[in-house]
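Report on the following structure.
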Amino acid sequence: MTELIIRKAKSMTFIINHLTTSYGKTARNLLNEATQPSEAGARAALETFYYAFNQHLIETLTQIWLNCPLVQLNNPVGGMLRGYEPIRDLYSKLFTGSLNVWVEFEDIVEYFSGKTAIFAGEERGEFTTKDRIIPLRFRTSRCFQY
């Protein structure tokens, strides 16, 4: 982390950090730590997401997503999906299809307010097909709530 800023708005304290960590192919499964309602727990959930994504582990990935009809995923592969089941189905198809994909989340700014954490940064990675490698680079936000 490079900087810590604390802002108060209507009795809520927001902590904003620029993280020097990135999460990609070497991300770890920290699912047990992800249950902690803290900054460290939110970072563990984020790292576990990238671990599951890059290892193509649908069971672990679905433990990170909230099972709620309003949970939402916006991405260049699946478009906008709302609800746990459509998101799970998209990742399941992605993991078992002919494409191979990996991503790394970097240049992350973390917004933490007690029970909610938002991570905004950039994902870079690759889609690999039989005969092509397609580089990926786009802005991403990940939101976690306890």
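A compact table of results
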{"item": "Calculated log₁₀ intensity ratio I(q)/I(0) where the Debye formula runs over C-alpha points of the stretch 49-88, q = 0.22, 0.25 Å⁻¹", "result": "-0.70, -0.87"}
{"item": "Heavy-atom accessible area per residue - the chain, 1.4 Å, Å²", "result": "60 Å²"}
{"item": "Over the chain: helical MRE at 222 nm, DSSP H runs n ≥ 4 each giving -39500 (n - 2.57), nearest 500", "result": "-8000 deg cm²/dmol"}
{"item": "For the stretch 88-146: rounded, prolate or oblate by the Cα gyration tensor [a/c cutoff 1.5]", "result": "oblate"}
{"item": "Of all accessible heavy-atom area on the stretch 19-146, the percent that carbon and sulfur account for (1.4 Å)", "result": "51 percent"}
{"item": "Listed residues Y51, Y23, Y146 arranged by accessible area, highest first, probe 1.4 Å", "result": "Y146, Y51, Y23"}
{"item": "Which of V103, V77 is most accessible, then next, and so on - probe 1.4 Å", "result": "V77, V103"}
{"item": "Estimated vicinal HN-Hα couplings, Hz - the stretch 33-48 in sequence order (Karplus 6.51, -1.76, 1.60; Gly, Pro = x)", "result": "6, 5, 7, 6, x, 8, 4, 4, x, 5, 5, 5, 5, 4, 5, 5"}
{"item": "Size of electric dipole in the chain: Cβ of Lys, Arg +1 and of Asp, Glu -1, about Cα centre, debye, nearest 20", "result": "320 debye"}
{"item": "For the chain: span of alpha carbons on each principal axis (Å, largest first)", "result": "53, 32, 27"}
{"item": "The chain: angle of helix 84-96 to the longest principal axis, Cα-based, in degrees nearest 10", "result": "50 degrees"}
{"item": "Positive-end extreme of charge dipole, the chain - chosen from N100, I118, T60 (charges on Cβ)", "result": "I118"}
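The values are calculated or read from the model by the stated rules, or taken from the named source; none is laboratory data. Just so we're clear, the structure is a prediction, and the values are computed from it rather than from any experiment. Heads up, the Cβs are rebuilt from the backbone with ideal geometry, glycines too, and the neighbour counts pull from every protein chain shown. These area figures cover heavy atoms from the full protein model, side chains too; ligands, DNA and RNA do not enter into them. Shrake-Rupley method; radii C 1.70, N 1.55, O 1.52, S 1.80 Å.
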